[in-house]
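> Okay, here's the structure, questions in a sec.
Read-outs throughout are calculated quantities, based only on the coordinates presented, and are distinct from any laboratory measurement. In this text the structure is predicted, and so the values were computed from the model without any measurement. Using ideal geometry, Cβ is built from the backbone for each residue, glycine included, and neighbour counts are taken over all protein chains shown.
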Amino acid sequence: MQFTISSVILALATSIVALPAAVDIKEKRDDHTRASFCTDASRGGRCFNSFGLLPQQPGQGLHCWDLTDGSPTFPDLQDFQDSISSFYPEEDGAVWTLWENFGCGGATADISFPGVDDLSTIGFNDKASSLSVRFR
Ligand SMILES: [Ca+2]
């Protein structure tokens, strides 16, 4: 009986979690958060889907990721340097920062879910060279 009730609750919880577009990140604060970005506006051109990055933890420094090659995981990431025109965080609560220079320097643009279809509307088209992410 107890097992049956638990199973029903689990099934309900699973269906509720599956409904929203944004992932609830409250229970996975130590994990990567993800975003997709494209070389043209409105998910056009080439896209890098579900790029994962460790969010900045309270009291710790940035996890800065340069848009360069050098990792087998991201062999073509340099193609997006100074080329990103649309950007979409996949999880509500995460704030991604696009940086003008490598090493998370220069001008910045902060982007939250559901993202920005055209980065020229915030003065950051074809400008990002590195990325970081934190929680609100
Ligand atoms: Ca572009």
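> Largest first, please: the extent of the C-alpha atoms of the stretch 32-135 along each principal axis, to the nearest Å.
Ordered largest first, the stretch 32-135 gives principal extents of 36, 28, 25 Å.
> Give me the distance in nm between label points sitting 7 Å out from Cα along the Cα-to-Cβ direction at ALA41 and THR121, one decimal.
0.9
> Considering all alpha-carbon pairs of the stretch 67-119, what whole percent are spaced by more than 16 angstrom?
Across the stretch 67-119, Cα pairs with separations above 16 Å total 50 percent.
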